[in-house]
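Shown next, in structure tokens, is the structure this report addresses.
Nothing in this text is a laboratory measurement; each read-out follows from the coordinates by a stated rule. All figures in this text were calculated on a predicted structure; none of them were measured in a lab. Ideal geometry is used to build each Cβ from the backbone, glycine not excepted, and the neighbour counts take in all protein chains shown.
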Amino acid sequence: MFILGISCHYHDAAATLLKDGKVVFAAEEERFTRLKHDSTFPIHAIKACLAESGISIDQIDSIAFYEKPFLKFERIIRQHLDFFPHTFKTFQMALPSWLSEKVRVRQVLRKKLGYRGDVFFINHHLSHAAAAFLPSPFEEAAILTVDGVGEWTTTSIGRGRGTALELNKEIRFPHSLGLLYSTLTAYLGFSVNNSEYKVMGLSAYGLMDREKNAWYQKLRSVIDIKADGSYKLDMDYFAYQFSDRMPSKKLCALLGGPIRIESDPLDNRHRDIAAAVQMLTEDVVLAMLRFAHREIGSDNVVLAGGVALNSVCNGKILAATGFKNIWIQPNAGDGGSSMGAALFVHNVILGHPRNYVLENAYLGPAYSSDEVEKFLVRSGIKYSKFAASEDLVSKTASLIEADQIVGWFQGRMEWGPRALGARSILSNPCSPAMQSILNEKVKHREAFRPFAPAVCAEDAEEYFVCDSPVPVPTDFMLMVYPIREKYRTRIPAVTHIDGSGRLQTVRRDQNQRYYDLIKAVGKLTGVPMVVNTSFNIRGEPIVCTPAQAYRCMMGTGIDCLVMENFLIQRTDNPNDIWDSESLAHD
Amino acid sequence: MRNFIIGLKAGASNFFAGIAAFNNFLLLTLAYFFGIGLSKLCHFIYGVITRNRTANKPETYWSEIHLGAEPSDSYYRPF
């Protein structure tokens, strides 16, 4: 039995294919169209799903769509009614796509795929909840979903047990923690639905002290937080409910100046505001989780929604809430809802027992060594071939030790926004200059942006002050922990300004070659760790194909590319060198 | 000749796209003022409050819901 899950039309369109209840393929549309956060109908991702399984659309038994489009449309119309006539511009901008595509999902499926079978529509936050709980290792768990907005819900709490799933508390639009964070992201001059993680990274440079940070005190007047974590925003400070601009004039006045223009320098006020909104988010999420722990009475918790990608907050959950175990899927945002909707159909609606645990994020397309070699030969690229994996690993480790920057393209592409050792750029964490080299010459991005350390799972507690045992979401780079003080100067490339690191743990049964590489680097440098950042430049989706990987390497400061069994040196192919810097923008 | 045909096609495409955009603008403007605007006016006249701006301070902002397994028919509906 094949079930296809689809999420699209807002941001991060994606498709997931289930075969007999197990995920066989999942990918985001952006990787194929090369448009970051592409929200269009994921026709390329769907075609990749079908091609991977060698089936046609006629063999799909059911399609699961990740929300109820008419309920969302009702909310949109209600907003226009509430704020008439201020919404004239957004009405003109939004309505055509609603009428032509967004409410006509069945017709779109028929037109674009020729599909005429069953289509199930699953509530947005139920899809999130299903994406969080059904592929988790837990038999029962509390569920928290927090994002910008679904149909009406922005935050919900519920419980999962076996194949039963229920959400029983919610907070409704316009009160939204996700939109509060996005509003402050917009205020700080970053792009919404894209750069929230920059605010998270920037917050470490600000004053993370609730008593001393004046902006935190001011922002507390914007949101009323109850002891149970429920909250209400003072909507006079926001404009997103009727305009395409998010902060209102009143919020700008409260924060002491107009919206920052992206090209303007960041000053201490901006850093402190980023710290304030991060602390506020943590206050709310941790209070909600403490409440959920009391209400649900489970030791396990699963999270979903865009806010669940806030890895700084995630790293504090187990220590602060009473839960003993946590699980977050690698694609916790809207893209992951395609998986949630499909699993919900299989397990809840059709009543099949759960038979799938998401143990690794390698669910996208792969390219065999033969395919890679054909590409290299056809393109006239000079390369070296390694017959034995140990030789390739050993050579790559020596390059990393010599402070070379390595493009690492191996196996199936990752599911979700993080590169986890399949489409990654790797380098030496012990190099003091590496962070600025990577930011300037490879990623072409802001100097304050940190890089993540990847370590083998059994070494994590040696280097990090982390929960013990190390929670599974660290496999998906979803938790930030303090680096032990004695190692901070030893691994400057991955030590953030506040001494923390967004840890990725690697297990050998998940990615053998990547694991072996980290160990081999450890033998040479004394620190079994690599810098891991996504294989792309700023504003571009992570690479998907060998051609994209090669082009990215040649346009940036990446020194060499390890693609399956092949090593390609940048200096061996001087005619293909170009400069990608002009293309790097959000 | 080939360039002429390509140019003609592009010109026609732009022309009809422009016409479509203008029609959309006109129809949406009518829909906005006569649909949304009149509804708003009716709400105003009959005193229906659409926006929740009450000043009361409840003990919690959580609302109760029961969103979970429902009869399968309900999932066929996009609403």
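Things worth noting here:
- Exposure proxy shown here: for A:465, A:527, A:277, the number of other Cβ atoms within 10 Å sets the order, fewest to most, as A:465, A:527, A:277.
- Taking 0.36 nm per residue of separation and subtracting the Cα-Cα distance, full extension of the segment from residue A:437 to residue A:462 would add 6.3 nm.
- Here the spin labels are modelled as points 7 Å beyond Cα on the Cα-Cβ line, and at residue A:244 and residue A:261 they lie 1.9 nm apart.
- Within the protein assembly as shown, DSSP assigns beta bridges of which about 70% are antiparallel (rounded to the nearest 5).
- Residue-wise HN-Hα couplings along the range A:114-125, as the Karplus relation 6.51 cos²θ - 1.76 cosθ + 1.60 with θ = phi - 60° gives them from phi, are x, 8, 10, x, 5, 10, 9, 10, 10, 3, 3, 6 Hz; Gly and Pro carry x.
- Placing dummy labels 7 Å off each Cα toward the beta-carbon, the span from residue A:578 to residue B:26 is 4.4 nm.
- Nearest-0.05 FRET efficiency for residue A:47 and residue B:63, computed from C-beta distance (R0 41 Å): 0.50
- Per-residue Cβ neighbour rank within 10 angstrom, fewest leading, A:313, A:8: A:313, A:8
- Global form of the range A:38-183, assessed from the alpha-carbon gyration tensor, a/c cut-off 1.5: oblate
- Shape of chain A, Cα gyration tensor, a/c cut at 1.5: rounded
- Inter-label distance, nm, simple model (7 Å from Cα along the C-beta direction), residue A:370/residue B:45: 7.5
- Those residues of the range A:323-361 whose amide nitrogen sits under 16 Å from the label point placed on residue B:70, 7 Å along Cα→Cβ: A:341, A:344-345, A:348-350
- Around the Cα centre of chain A, unit charges on the Cβ atoms of Lys, Arg, Asp and Glu (plus for the first two, minus for the last two) sum to a dipole of about 800 debye.
- One chain, two ends: residue A:107 and residue A:268. Fully extended at 0.36 nm per residue, the span grows by 52.8 nm beyond their Cα-Cα distance.
- Cα shape, the range A:475-586, gyration tensor, a/c 1.5 rule: prolate
- The range A:264-306-the range A:497-523 distance, computed between alpha-carbon centres (Å): 27
- Separation of alpha-carbon centers, the range A:235-257 and the range A:90-111, rounded to whole Å: 29
- Structure-based [θ]222 nm, the protein assembly as shown - -39500 (n - 2.57) summed over DSSP H runs of at least 4, per residue, nearest 500: -10500 deg cm²/dmol
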